[in-house]
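Notes follow the structure.
Bear in mind that the values in this text are calculations on the coordinates, not laboratory data. Computed from a predicted structure; not experimentally measured. Methodologically, a virtual Cβ is constructed for each residue, glycine included, from the backbone with ideal geometry; neighbour enumeration extends over all protein chains shown.
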Amino acid sequence: MAVKHFSRSFLFLLITALLTGCATLPGSRVQDQVAPLVTDTELADHELLDVSIKIFEPGQLPQDRDKRRGLSPEIRKAEARFIPVHLKYTMQRTGYWGVVRVVPDNDFGSEILVRGKIEHSDGENLSLTVEALDSRNVTWFEKTYLKSVSSHEFYNTEPEKEDTFQDLFNTIANDLAEFRNNLSKKEIQEIKEVAALRFASSMAPDVFKTYLKQSDSDRYQVLRLPARDDPMMKRVRSIKPRDEMLVDAINGYYDIYYRDLWEPYQNWRKFRSEEVEAMRQLERKALTQQVLGVAAIVGAIALGASSDNATRTQTGTLRDVMILGGAASIYTGTQKYKETAMNKEVIEELGASFSSEAEPLVIEVEGETVRLTGSAEQQYTTWRELLKQIYASETGLIEAETSNSH
């Protein structure tokens, strides 16, 4: 009896160990066929809020080497640019927003700022953490979304309109629209005023620091507004279009990057999904072979251990066949795992091919070279510093600072 109990326990533990490893992905699963929220009538300009979507954080690749096969940091970097651009297009179609732009870094002069992180992305599953906050530093929400797709959803896609994970994009856009619709007219106006003053403060902190108050919770409130004919504010208003011009130029190249990326990225996701499914089928066959093989060996051992000498002699040939058959099944399962490894190698080749097709772009903006990679953020920071210098020069702040230093 003890041997039988050991055999059952051993088999249970073995099967459990073989089946373990299907990690739960982070996030709340979005529904299928999510309809986008669209305005019934065209909103007036004073009702529209401008949105800046920061390039997403690429996140970490899976720690498990097998799950990381076919993925790469280069692919994640491409996705971190692709996802915000497609979200931009999704939001633009709703009619709830003013100008929607993708920015390489935090835009503290924006009315609405959307930031995100890729928690998981493998072609079949996409998990994103998205945070939205307004110029007052009021967080609208921070949610983690999860969507899994099947093979038929890789077809009928269209740039700017229909992505494989469109339900996820629609859900994010709907959450943003619902929060915006709960704002009062007074709150919308306050968001616009704070955004303008925060941009002005970024240009000349000493001049505009008395217009805004930041609470202990880091929320911004308007203390007072500049006069309509305030010369410093007039300069800020003249500087703002130059900043928007650079951001629009960056968006133009993000759009080109997105369109160039569309076909190889869609193909990579589709082919990787097919390879992963083929890999799973092989793994299931290998698992069945190995479990049957181990069961046969354990059964043979149990049969020998639980029998008397005469029975052991009579069943010797049967036990040998069970052990040999079990070993053959295990070997067959191992061979299938080798086939699985070959499929994983194909996935890696697809990933490498994708990376070679998704090279970053270099653009020229007013004589400044901007690389749309990690250095784009640095270039954007440099541009903001240049704007401060332009503002200081046009307002005479440089001369004032120089005379004070003497």
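Simple spin-label model, 7 Å along Cα-to-Cβ: Q60 to E178 in nm?
Between Q60 and E178, the simple spin-label model gives 3.1 nm.
Provide the FRET efficiency to the nearest 0.05 for the S72-R228 pair, computing r from the beta carbons and using R0 = 51 Å.
0.40
Full-extension gain between A44 and S393, please, as 0.36 nm times their residue separation minus the C-alpha to C-alpha distance.
Values: separation 349, 0.36 × 349 = 125.64 nm, distance 3.60 nm.
Working it through step by step, the gained length comes to 122.0 nm.
Fewest to most neighbouring Cβ within 10 Å: what's the order for I188, I75, I118?
Numbers: I188 17, I75 26, I118 20.
In increasing order of surrounding Cβ atoms, one gets I188, I118, I75.
If each residue's Cβ is checked for other Cβ atoms within 10 Å, how do D206, D122, D260 rank with the fewest at the top? All intermediate terms of the calculation are to be shown ahead of the outcome.
Numbers: D206 9, D122 22, D260 14.
Going from sparsest to densest Cβ surroundings: D206, D260, D122.
Sort out for me the Cα centre separation of the stretch 53-123 from the stretch 225-251, rounded to whole Å.
After rounding, the separation between the Cα centres reads 27 Å.
Report, in cubic angstrom per residue, the convex hull volume of the C-alpha atoms of the stretch 27-274.
Working: hull volume 35.2 nm³, N = 248.
Each residue corresponds to 142 Å³ of Cα convex hull volume.
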